[in-house]
Amino acid sequence: MAENEKNLRLIKKIFEDKNERIPDRIRLGNGFVDDFIFEDHEAADIPINALRVIFNIVSIISSEQFRPEDRPKQLSLFDEEFETENNIFASMKIRNNKISPSGSSKQVIDAYEFLAKFKMSWYKSVNSKGKEIKTFGGLISTPSYDHRGYTSFLISSYWLKKLMVIPEYNYVLYNLVYNIRNNKHIIFAIWLSKLPEKGTIVKLASLNRKFGVNYKTANDVCFKFLKPARLSLDQHNNLSFHYRYKGDSIFIIPYQTNMIRDIDLSLNNREQLEMTRRLRYFRKRYDLQEQEMVQFSYQYRNIPQTRELIEKAFSEFIRSTRLKEFKSTAYKGKAFLNEIQENLVVVYRNTKMGTLLPNGYPVII
């Protein structure tokens, strides 16, 4: 198309950032996530402040998002408003302090510049009448920084449709982009929200490629990337994950952290003291060193499902040592943890989750 067609923009709707109640969560359509963030199964390295722009766009349009199966008439209305001519846009403005809470003008400008240039191209879609509609730009176009506290910009009808019309979507916590500083951890959280409950298996090369990292071994990617990501999500997200590896295969199983928080909030001091007492018992009786207690203690304290499995594994360990007619304290330190880990695998595989994902057992060593 001619250059002047790129500059011809028709604005059909204005969205306003009314600074109303901040949502707990937003709905990200899978079509948008797959095409904008994970095109060709590889995650884009989108800076944290640009992610804040995206989350705030979705927050502002949230009341107008819809599933076409539930509201087919709404899809027709969208087509009539946004998909009758080429280069139709919506206008929006967002408060600058939502993009840079520290008040940095550079951070705000850089975020919008990234989104204006990222994936800038001609995009084609076909409306309900079979007419091809073309739009030029990135996710946003012509951002205008206002020193009075806002930045205004345009959103193309192509990307707006992927944000608003969401046949399939997943919830993501709005505050992720403010509570977590590592952009890859946030992108990982978005990917995690799309996984089935039983989890998935990812090859090392695929995970490296997907998240733009370059770890040489599965052990490295687990402890240098997945472990800190899980710690971030345990603390700040409603969904986190177990992980382990075998060879170059990495097993990732999501779990709800809000269940952990709900249980933790309901625990009284007596129950907290009971966990401390129990861990002290394990440490003293089986001569566990401080470094050996780190992973074991974390799993026992923070994940109720794993704590229950550990106790069952310990009971099985005691039963087996008695059958062999020698004391359980013959196992000290890491040898004890290895025995518990082996029994933990057996106990886990007898659960419903264990039948779905046999290698998804918790790791306490």
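If DNA, RNA and ligands are ignored and the probe is 1.4 Å, what is the ranking of VAL294, VAL58 by accessible area, most exposed first?
Values: VAL294 90, VAL58 0 Å².
Most to least solvent-accessible, the answer reads VAL294, VAL58.
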How far is helix 304-323 tilted, in degrees, relative to the longest principal axis of the Cα atoms in the chain, given as a value from 0 to 90 rounded to the nearest 10?
-> 20
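Contact order normalised by length for the chain, with contacts defined as Cα pairs under 8 Å and 6 or more residues apart; what percent is it?
Details: 520 pairs, mean separation 56.0, N = 365.
Relative contact order, the chain: 15 percent.
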Which value in nm describes the separation of the simple spin-label points at GLU290 and VAL363, placed 7 Å from the Cα toward the beta carbon?
-> 2.4
Yeah, the stretch 267-365 with a ≥ b ≥ c from its alpha-carbon gyration tensor (a/c under 1.5 is rounded, else prolate when a/b outruns b/c, oblate otherwise) is oblate
How much length is gained on full extension from ASN182 to ARG67, taking 0.36 nm per residue of separation minus their Cα-Cα distance?
-> 38.3 nm
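Please tell me the relative contact order of the stretch 74-191 in percent, rounded to the nearest whole number, where contacts are Cα pairs under 8 Å and at least six residues apart.
Details: 149 pairs, mean separation 31.5, N = 118.
After rounding, I find 27 percent.
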Excluding same-chain residues fewer than 8 positions from LYS324, which aspartates and glutamates have a Cα within less than 18 Å of its Cα?
-> GLU316, GLU339, GLU342
Report ³J(HN,Hα) in whole Hz for each residue of the stretch 34-44, in order, from the Karplus equation J = 6.51 cos²θ - 1.76 cosθ + 1.60 where θ = phi - 60°; Gly and Pro get x.
-> 5, 8, 9, 9, 10, 4, 6, 6, 10, 7, 6
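Quick one: with all protein chains in place, what share of the accessible area of the stretch 188-333 is carbon or sulfur, to the nearest percent (1.4 Å probe)?
Numbers: 3980 of 8050 Å².
Here carbon and sulfur together make up 49 percent of the probe-accessible area.
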For HIS242, the residues 5 or more places away or on another chain with a placed amide H closer than 5 Å to its own amide H are ILE253, TYR255
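When the Kirkwood hydrodynamic radius is evaluated over all pairs of different C-alpha atoms of the chain, what value in angstrom, to one decimal, is obtained? Walk me through the numbers on the way to the answer.
Details: mean 1/r = 0.0428 Å⁻¹.
About 23.4 Å, per the Kirkwood formula over Cα pairs.
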Tilt, helix 257-266 to longest principal axis of the chain (alpha-carbon atoms), in degrees rounded to tens, equals 60
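Before I look further, what does the chain give for accessible area per residue, probe 1.4 Å, in whole square angstrom? Can you show the working numbers first?
Details: 18880 Å² over 365 residues.
I get 52 Å² per residue for this part.
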How about the stretch 128-168: which trypsin sites (Lys or Arg not before Pro) there lie in a loop by DSSP and see at most 16 other Cβ atoms within 10 Å?
-> LYS129, LYS131, ARG148
Under 13 Å Cα-Cα from LYS106, which aspartates and glutamates qualify once same-chain neighbours fewer than 8 residues away are excluded?
-> ASP146
Of LYS312/LYS332; LYS13/LYS73; LYS131/LYS161; LYS93/LYS119; LYS18/LYS117, which ones are farther than 25 Å apart at the Cα?
-> LYS18/LYS117
Can you give the calculated 222 nm mean residue ellipticity of the chain, where each DSSP H run of n ≥ 4 adds -39,500 (n - 2.57) and the sum is split over every residue, rounded to the nearest 500 deg cm²/dmol?
-> -14000 deg cm²/dmol
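Going highest first, how would you order 193-205, 271-283 by mean Cβ packing within 10 Å?
Numbers: 193-205: 15.4, 271-283: 13.2.
Result, highest mean first: 193-205, 271-283.
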Two-site label geometry, PHE118 and ARG95: point separation in nm, points 7 Å out along Cα→Cβ | 2.3
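The values are calculated or read from the model by the stated rules, or taken from the named source; none is laboratory data. Since the model is a prediction, treat every value here as computed from it, not as a measurement. Note that each Cβ is placed from the backbone with ideal geometry, even for glycine, and that neighbours are counted across all protein chains shown. When the accessible area is computed, the model is the full protein with side chains, heavy atoms only, and any ligands, DNA or RNA have been set aside. Shrake-Rupley method; radii C 1.70, N 1.55, O 1.52, S 1.80 Å.
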